[in-house]
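Below is one structure, written out as structure tokens; the observations come after it.
The values are calculated or read from the model by the stated rules, or taken from the named source; none is laboratory data. None of these values were measured; they are calculated from a predicted model. In this analysis, Cβ positions are derived from the backbone assuming ideal geometry, glycine residues included, and neighbour counts consider all displayed protein chains.
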Amino acid sequence: MKLTTILLTTFAITFAINATAQHQEQKEKSPVEIAYEQTEMLREDLDLNHFQVFKVDSILQSNIAGVMNQFEEMKKGGLQNPDSYREVQKRWQTKTDSEFEKLFTLDQFERYLKLSGMPSKERKKKMAELRKKAKENNKK
């Protein structure tokens, strides 16, 4: 029994050390790399056309670089309040959502909001507003 406990503990420690070492070896991804990965995911999940893929990649590259730069400035300024970082991230997410809203069809945007983790009640309210707005625009 003691031998099994020792072997399991040794295995767990070895695994943790290897995982930590691998994590430290990974370099931080650039905004271009992050945007590419997210664009590919959205391309598949939302069935984006070529123009939409181009625009999504451009929007994400710009906005990811913007939020990263703002985080870096905050870090250099000594700001360590997590709420401040969350607020900055929320502003950039709102900017991205606003740009995607103009680019995607209503169905694509609804799926995007679901993928982004927006709560169902909030998402349904947002989509009802957008559908109402779209109907009003079609009447004009």
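Looking only at the stretch 10-62, which residues are among the aromatic types (Phe, Trp, Tyr) and either within 13 Å of the chain's Cα centre (by Cα) or at pLDDT 95 or above (or both)? It would help to see each step written out before you state the result.
So in the stretch 10-62, the residues among the aromatic types (Phe, Trp, Tyr) come out as 11, 15, 36, 51, 54.
Once the filter is applied, which keeps residues that are among the aromatic types (Phe, Trp, Tyr) and either within 13 Å of the chain's Cα centre (by Cα) or at pLDDT 95 or above (or both), the stretch 10-62 yields Tyr36, Phe51, Phe54.
For residues that are over 14 Å from Val56 (Cβ atoms), surrounded by 13 or more Cβ atoms within 10 Å (Cβ to Cβ) and without any contact (Cβ under 8 Å) to a residue 24 or more places away in the chain, tally how many sit in the stretch 92-101.
At the first step, the residues of the stretch 92-101 found to be over 14 Å from Val56 (Cβ atoms) are 92-94.
Among the residues that remain, those that are also surrounded by 13 or more Cβ atoms within 10 Å (Cβ to Cβ) are: 92-93.
Then drop every residue that is not without any contact (Cβ under 8 Å) to a residue 24 or more places away in the chain, which leaves 93.
The qualifying residues number 1.
Applying the selection to the stretch 83-131, what residues are among the aromatic types (Phe, Trp, Tyr) and more than 19 Å from Ala35 (Cα to Cα)? Give the steps one after another, and end with the answer.
Let us first name the residues in the stretch 83-131 that are among the aromatic types (Phe, Trp, Tyr), namely 85, 92, 100, 104, 109, 112.
Within the stretch 83-131, Tyr85 is the sole residue that qualifies.
Any residue in the stretch 56-79 that is within 15 Å of Leu103 (Cα to Cα), free of Cβ contacts under 8 Å to residues at least 24 places away in the same chain and aliphatic (A, V, I, L, M)? Outline the logic, then answer.
Narrowing the stretch 56-79 to residues within 15 Å of Leu103 (Cα to Cα): 56-60.
If we keep only those that are free of Cβ contacts under 8 Å to residues at least 24 places away in the same chain as well, we get 57-58.
Keeping just the survivors that are aliphatic (A, V, I, L, M) gives none.
No, that holds for no residue.
If I ask for residues that are surrounded by 15 or more Cβ atoms within 10 Å (Cβ to Cβ), more than 30 Å from Thr105 (Cβ to Cβ) and of a type outside the set (Ser, Thr, Tyr), which ones from the stretch 56-91 would you list?
Those that are surrounded by 15 or more Cβ atoms within 10 Å (Cβ to Cβ), more than 30 Å from Thr105 (Cβ to Cβ) and of a type outside the set (Ser, Thr, Tyr): Gln70, Phe71, Met74.
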